[in-house]
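Trainee: A single structure is presented below for examination.
The values are calculated or read from the model by the stated rules, or taken from the named source; none is laboratory data. These figures come from a predicted structure and were not determined experimentally. So basically every Cβ, Gly included, is an ideal-geometry build from the backbone, and we count neighbours across all protein chains shown. Surface areas here come from the heavy atoms of the whole protein model, side chains and all, with no ligands, DNA or RNA. Shrake-Rupley method; radii C 1.70, N 1.55, O 1.52, S 1.80 Å.
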Amino acid sequence: MNTPEAMNTPESKSTPPMHTSSTDGPSVNSPAEPLRWYGEGGPSIDPAGVQQVLGRVEEPCFVVAAPQGIGAVAGGGAAVGGTGPAVLAAVPALPPQRLGSAGFRAAHGVRYAYMAGAMAGGIASADLVIALARRGFLASFGAAGLLPRHIARALARFSAEIPGLPYAVNLIHSPSEERLEREAVSLFLEHGVRCVEASAFMDLTPHIVRYRLAGLRRDPSGRVVAGHRIIAKVSRPETAERFVRPAPAALVDSLLREGLITAEQAQLAHHVPLADDITVEADSGGHTDRRPLPALFPVIQRVCHAIQREHHYATPIRVGAAGGLGTPTAVAAAFAMGAAYVVTGSVNQACLESGTSPAARELLARADVADCAMAPAADMFEMGVELQVLRRGSMFPMRAAQLYRLYQTYDGIEALPAAERERLESQVFRRPLAEVWQECVEYFTRRDPDQLSRAADNPKRRMALVFRWYLGMASRWAVTGESDRTADFQIWCGPAMGSFNAWVSGSYLSTPGNRTVADVAHHLMRGAAFHTRTAQLATAGVALPPSAADYLPVPLELPALSEAAR
C-alpha cells in the first residue's frame, strides 16, 4: 500500500512501517515474538477489503503481517507459536447490541441501548413507535400537543399491535396549558403506560410526580418496585438534579391529601429517584439550549453520579445522550463518553413512518448542517422560550421572530400600527386578525377554556393567543403538507439532520423514500460499533486508510423479534 495510507504502530516513528509497494493495504510494525493468527481464509490487504473485515462486527478482527503484506482478517483466533500470520493488533467482536448499558436494555426490554425520542404533534407517530418496537428499539410517541382522544387512539394501537413490547409516551411540560399535562397523565394511568419520556420541564409538577409515584409498590421480597418508568430529557444540571432526587415531600403530601396516591406510595417515594434515566439533550431540534454534547454530558453525568452516591439507590441512575446524533461516528462518541444509551430525533422525522408530510421529509433530506435557526416556541411563547427549526426553504423562523418582537413592543392587537397590522394580515396570517381570534375562541373552548378566561380582560394575552395561532398552524401545515403554505412550514430540526444527509450521500438512504426508522437505527448502531473498533485500533497505535475507516450504509433485511426475544 502507499505510505500515506499506511496502518502503523507508534514504533513506526523510528522504524519504517512494514508494507509492500504492490499493495494498497494497511501497514504496521511487527512486534517481537508475535502471536500467530489461526483461522479460515486470508487477510484483506486493500482498503475495501479491510473495511469489509471491520464491518463484520460480530467477529474479532486481527491486523496481521502476511507474506503479501499487512492486512486485516475477521474471525479465528491468536496463539503463541504456529505458522499463521503474525498478529500485530486485534479488537474483539462488538455486536451493536453490546453498546451502552445492559441495565438500560434489561429495564426497558429492548435489544439495543437506543431510543427514538418524541417529536410533538404525533410526528413521532404510532407507526414509528410500532416499527421500532418490533426491531428491538425503544421509541417515544409524540403525544405533546395532541388532544386526549388522539393519544388514546395511539395507546389502543400499542396494546393491540405490540402487546408485551416496550414503548414510551411523551409528557411535555405545559406551564401555559396545565390542564393538558394533567389529562395526559390521567390517560397514561388509565391505559397502563409503563414508560414516560418527560421533556421541556423547567420544574417538577404534581402531574409528573403523580405518574411516578402511582406505580410504586413492594414485591414479595420487600424490594421497592417502580412500575412507572420515567426517562427525563434535560439540558441543565439543576433540572437533572430535580429528577434524580426523590420526589419533593411537599408534592408527595399534596398528592396524598388529594387521594391521587396511596399512603404506601407516599412512604416509598423517598426510596427512589423521580426518574430512572436522564437524557442529556445537547444541540437538537425543537426545545434546546444548544449546548455541545461533549461540554454538557460530563457535567450532568457528574451530578447524577454524586446524587447516586448520596442516596445509594438500589438501581443506579442511567445517563443517556441526545442532540447532534446523526452519524455512526457521533453515536460512537456518545458511547465513548459513557452514555448508557443514545437518543435520536431529527433523523427519524425524515423517515417514512414519521407523522409529517412527504413535502417536509423532502426538505429535511436536503438540509445541511447550517440550515437551522432558532424561533419562538408556541407552547411557551410569552416566556420567550425558543426552539430550533429548519431554516432552508421556510420563512417561518423570520416571521415567528417578528411576531415575538411585536408582542414585546405593543400591549395588544389594537395597539399595532395600521401598516403593521395590514402586513400581518396580508403576508403572515392571510386573513383578518379578528377572524383568527374567533378561531382561537373556538379552539380553546374545546381544548382549554381557562386560556380564554385569562385573556378576557387582557389585550396582551389575547395578542399572544393570536400570534400562537400562527406558530401552531405553521407546524400543522408542515405535518399535513399544505402546499400553499410551504414557505411557512415549521419543521423542528437540529444540525444532526444535515450531518446525517452528508453521511448517507450516495447511498440508498439518500433517497427519502428509502428511509425507514428501523434501517436508520440499525445503521447508526452498527456503524457506531464499527467506529468504536477503529478507535480501539487507533488506541493500539494502528492507523487505517481513510477509505477503510468509514462505515457506509447498505440495504439490509432486518428480522422482526422472535417470540423468545420478546
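Trainee: Only one of (1) crowded, with 20+ Cβ neighbours inside 10 Å; (2) within 18 Å of residue 108 (Cα to Cα); (3) in contact (Cβ under 8 Å) with a residue 40 or more places away in the chain fails for residue 210. Which number is that?
Mentor: Of everything listed in (1) crowded, with 20+ Cβ neighbours inside 10 Å; (2) within 18 Å of residue 108 (Cα to Cα); (3) in contact (Cβ under 8 Å) with a residue 40 or more places away in the chain, residue 210 misses just condition (2).
Trainee: Output the residue which, of all residues in segment 488-546 that are touching a strand residue (DSSP E or B) at 6+ places or on another chain (Cβ under 7 Å) and assigned to a loop (DSSP other than H, G, I, E, B), is most open to solvent (accessible area, probe 1.4 Å).
Mentor: 540
Trainee: Among the numbered conditions (1) in contact (Cβ under 8 Å) with a residue 40 or more places away in the chain; (2) part of a helix (DSSP H, G or I); (3) open to solvent by 10 Å² or more (accessible area, probe 1.4 Å); (4) of a type in the set (Gly, Ala, Ser), tell me where residue 306 comes up short.
Mentor: (1)
Trainee: Right, next: Which of the helices (runs of 4 or more DSSP H) found entirely inside segment 386-460 contain at least 2 residues meeting this: of a type in the set (Asp, Glu)?
Mentor: Numbers: elements: 396-409, 418-423, 433-447, 450-455.
Those helices (runs of 4 or more DSSP H) span 418-423, 433-447.
Trainee: Name the single residue, out of those in segment 81-95 being open to solvent by less than 50 Å² (accessible area, probe 1.4 Å) and free of Cβ contacts under 8 Å to residues at least 60 places away in the same chain, that is farthest from residue 527 (Cα to Cα). Before the answer, list the steps.
Mentor: At the first step, the residues of segment 81-95 found to be open to solvent by less than 50 Å² (accessible area, probe 1.4 Å) are 81, 84-89, 91, 93-95.
With free of Cβ contacts under 8 Å to residues at least 60 places away in the same chain added as a condition, the list becomes 81, 84-87, 93.
Values: 81: 34, 84: 30, 85: 28, 86: 28, 87: 25, 93: 14 Å.
Going through the qualifying residues, I end up with 81.
Trainee: Kindly establish whether residue 78 is surrounded by 20 or more Cβ atoms within 10 Å (Cβ to Cβ), touching a strand residue (DSSP E or B) at 6+ places or on another chain (Cβ under 6 Å) and aliphatic (A, V, I, L, M). Write out each step before concluding.
Mentor: On the way: surrounded by 20 or more Cβ atoms within 10 Å (Cβ to Cβ): no; touching a strand residue (DSSP E or B) at 6+ places or on another chain (Cβ under 6 Å): yes; aliphatic (A, V, I, L, M): yes.
Criteria not met by residue 78.
Trainee: Turning to a different aspect of this structure: Determine whether residue 158 is closer than 21 Å to residue 278 by Cβ, aromatic (Phe, Trp, Tyr) and part of a helix (DSSP H, G or I). Don't jump to the end; show me each part of the working.
Mentor: Numbers: closer than 21 Å to residue 278 by Cβ: no; aromatic (Phe, Trp, Tyr): yes; part of a helix (DSSP H, G or I): yes.
No.
Trainee: With open to solvent by 50 Å² or more (accessible area, probe 1.4 Å) and more than 30 Å from residue 468 (Cβ to Cβ) as the only criterion, which of 179, 98, 153 stands out? Spell out the reasoning first.
Mentor: On the way: 179 fails: more than 30 Å from residue 468 (Cβ to Cβ); 153 fails: more than 30 Å from residue 468 (Cβ to Cβ).
From the options 179, 98, 153, the qualifying one is 98.
Trainee: While we're looking at this one, here's another question. Among the residues that make up segment 273-292, is at least one of them modelled with pLDDT of 95 or more and part of a helix (DSSP H, G or I)?
Mentor: Looking for residues that are modelled with pLDDT of 95 or more and part of a helix (DSSP H, G or I), one finds none in segment 273-292, hence no.
So that you can scan it fast, the table gives a plain yes or no per residue for (1) free of Cβ contacts under 8 Å to residues at least 40 places away in the same chain; (2) in contact with a strand residue (DSSP E or B) (Cβ under 9 Å, 6 or more places away or on another chain):
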{"position": "113", "(1), (2)": "no, yes"}
{"position": "128", "(1), (2)": "no, yes"}
{"position": "131", "(1), (2)": "no, yes"}
{"position": "157", "(1), (2)": "yes, no"}
{"position": "167", "(1), (2)": "yes, yes"}
{"position": "177", "(1), (2)": "no, no"}
{"position": "184", "(1), (2)": "no, yes"}
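Trainee: Also, quick follow-up: Among 117, 109, 81, 76, which is modelled with pLDDT under 95 and either touching a Lys or Arg at 6+ places or on another chain (Cβ under 9 Å) or farther than 23 Å from residue 536 by Cα (or both)?
Mentor: Values: 117 fails: modelled with pLDDT under 95; 109 fails: modelled with pLDDT under 95; 76 fails: either touching a Lys or Arg at 6+ places or on another chain (Cβ under 9 Å) or farther than 23 Å from residue 536 by Cα (or both).
Being modelled with pLDDT under 95 and either touching a Lys or Arg at 6+ places or on another chain (Cβ under 9 Å) or farther than 23 Å from residue 536 by Cα (or both) holds for just one of 117, 109, 81, 76, which is 81.
Trainee: A further question follows. Looking only at segment 472-487, which residues are under 20 Å from residue 384 (Cα atoms) and either crowded, with 22+ Cβ neighbours inside 10 Å or hydroxyl-bearing (Ser, Thr, Tyr) (or both)?
Mentor: The initial filter retains those residues of segment 472-487 that are under 20 Å from residue 384 (Cα atoms), namely 472-475.
Within segment 472-487, 474, 475 meet the criteria.
Trainee: Mind listing whichever residues of segment 50-64 are assigned to a helix (DSSP H, G or I) and without any contact (Cβ under 8 Å) to a residue 60 or more places away in the chain?
Mentor: Filtering segment 50-64 down to residues assigned to a helix (DSSP H, G or I) leaves 50-55.
Selection gives 52, 53.
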